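Novice: Below is one structure. I have some questions about it.
Throughout, read-outs are computed from the coordinates displayed, never taken from laboratory work. It should be emphasised that the depicted structure is a prediction, and the values quoted were computed from it without experimental measurement. Cβ sites come from the backbone with ideal geometry, for glycine too, and all protein chains shown count toward neighbours.
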Amino acid sequence: MNSSTLQPFPFSPSIAARQVAKAAAFVALGLGAAASHGAGIRLEDDRGTTVELQAPAKRIVSLMPSLTETVCALDACDRLVGIDRHANWPASVKGLPQVGGIDDANVERILALKPDLVLLRPRSRAAEPLERLGLKVLALDAKTHADMRRVMETLARATGRPGAGEAYWRKLDAGLDAARARVPAGWQGRRVYFEVHGGMAAASESSFIGETLARLGLGNAVPGTLGPFPKMSPEFVVRANPDVLMVSALGEISAMASRPGWSAMSAIQRGRVCSFASARFDLMMRPGPRLDEAADAIVGCLASLGEPRP
């Protein structure tokens, strides 16, 4: 073709601008995708530490039963490769390697399991040595219902399922409302003494157990100003004179009656004692995904006691 036959392409500023904008958008899209891929997952734990995961956790060691249960409730049980010695729900976790407890975790055994995430409580002594070895550590603790909700969503994000924790909490919240509707009318507003740690302490209004009692429309004989789980003297309980006692089945009612002044309490005299078997008491003591079951257990016991007399 003769060069003299070539016609110059007319320059259009508007066309050029559109082409430049299109190219810039394409590059930005590519860079944005790359940045998103490289950013991974950023989480803040209860130490105020930012934990960065390159991808959703696939090999998890959990050193707290409540965190183990939450991982499983979020359909990520198959990602657990190690647990603490007290974890026992769901049944499938019982076959997993045990790596000690909250205060005596076996660091070498945890390392051998090659986890990409270790879950523990903020004050665990295992956190520092595990991090020195290069492991990702997420320290979480739930002391209130709001904490439980936050922990659930944090673990959902850690396992690559953002929003699943919120969805699960909504299910629990609805379960608490349903349980309250089943509380016998005569028990509404009645005061509960919920004993923990073998009678050495009690769940106050400010504990997550106290919050559950309040959601059920029940009172609490132990004020929240004393702390979540204060140590209690037998004399305090006698003066409080609760309408019902809730205890672990490990404690004998006859033994409680032998405590100073307790035999005179109306709850003892009228047999208003909810005694929970060990497995049931465990779930009530764990701030995790079986909160609605704990509420059901409380309501079930109150119903079995019949309507209280004045």
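Novice: Could you tell me the relative contact order of the chain? Use alpha-carbon pairs under 8 Å, at least six residues apart, and round to a whole percent. Write down the numbers at each step before the final one.
Specialist: Numbers: 496 pairs, mean separation 42.1, N = 310.
In percent, rounded to a whole number, it is 14.
Novice: Right, another one. In whole Å, what three semi-axes, largest first, describe the equivalent ellipsoid of the chain built from its Cα gyration tensor (square root of 5 times each eigenvalue)?
Specialist: One finds semi-axes of 55, 24, 15 Å for the chain.
Novice: List the residues, sorted by chain then number, that are 5 or more residues from Ala249 or on another chain and whose placed amide H is less than 5 Å from its amide H.
Specialist: Correct list: Phe276, Ala277, Ser278.
Novice: Additional query: Taking the simple approach of a point 7 Å from Cα along Cα-to-Cβ for both Asn88 and Lys114, what is their distance in nm?
Specialist: For the pair Asn88/Lys114, the computed spacing is 3.3 nm.
Novice: Right, something else. Among Pro56, Pro90, Ala156, which residue has its Cα furthest toward the positive end of the charge dipole of segment 41-162, with +1 on Lys/Arg Cβ and -1 on Asp/Glu Cβ?
Specialist: Farthest along the dipole direction, towards plus: Pro56.
Novice: When you have a sec, figure out the Kirkwood radius of segment 186-305 from all distinct Cα pair distances and drop it here in Å to one decimal?
Specialist: 14.1
Novice: Next up: Which shape class, rounded, prolate or oblate, goes with segment 41-162 when its Cα gyration tensor gives a ≥ b ≥ c as root eigenvalues, a/c under 1.5 marks rounded, and past that a/b bigger than b/c marks prolate?
Specialist: Here segment 41-162 falls in the rounded category.
Novice: For segment 123-180 and segment 66-92, what is the separation of their C-alpha centers, rounded to whole Å?
Specialist: 12
Novice: How much net charge surrounds Pro308 when only the other residues with a Cβ under 15 Å from the Cβ of Pro308 are counted, with Lys and Arg +1 and Asp and Glu -1? Working shown, then result.
Specialist: Numbers: positive: Arg190, Arg191, Arg270, Arg272, Arg309; negative: Asp243, Glu307.
Computed value for this residue: +3.
Novice: Could I ask something else about it? Find which of Asn241, Ala201, Thr70 sits farthest along the positive direction of the dipole of the chain, computed with +1 on the beta-carbon of Lys and Arg, -1 on that of Asp and Glu, about the Cα centre.
Specialist: Toward the positive end, the furthest listed residue is Thr70.
Novice: What ³J(HN,Hα) values, in whole Hz, does the Karplus curve 6.51 cos²θ - 1.76 cosθ + 1.60 give for segment 71-76 when θ = phi - 60°, with x put for Gly and Pro?
Specialist: After applying 6.51 cos²θ - 1.76 cosθ + 1.60, I find 4, 5, 5, 8, 6, 10 Hz.
Novice: Additional query: Determine the shape class of segment 203-245: with a ≥ b ≥ c the square roots of the Cα gyration tensor eigenvalues, call it rounded for a/c under 1.5, and otherwise prolate if a/b is greater than b/c, oblate otherwise.
Specialist: Oblate shape, in that a/c is at least 1.5 and b/c is the bigger or equal ratio.
Novice: Please enumerate, by chain and number, the lysines with C-alpha under 27 Å from the C-alpha of Lys171, excluding those fewer than 8 residues away in the same chain.
Specialist: Lys58, Lys94, Lys143
Novice: Here is a further query. Assigning unit charges at the beta carbon (Lys, Arg +1; Asp, Glu -1) and nothing else, what dipole magnitude in debye, to the nearest 20, does the chain show about its Cα centre? Kindly include the intermediate steps, with their values, before the conclusion.
Specialist: Values: 37 positive and 31 negative charges, 59 e Å.
In debye, rounded to 20, the chain gives about 280.
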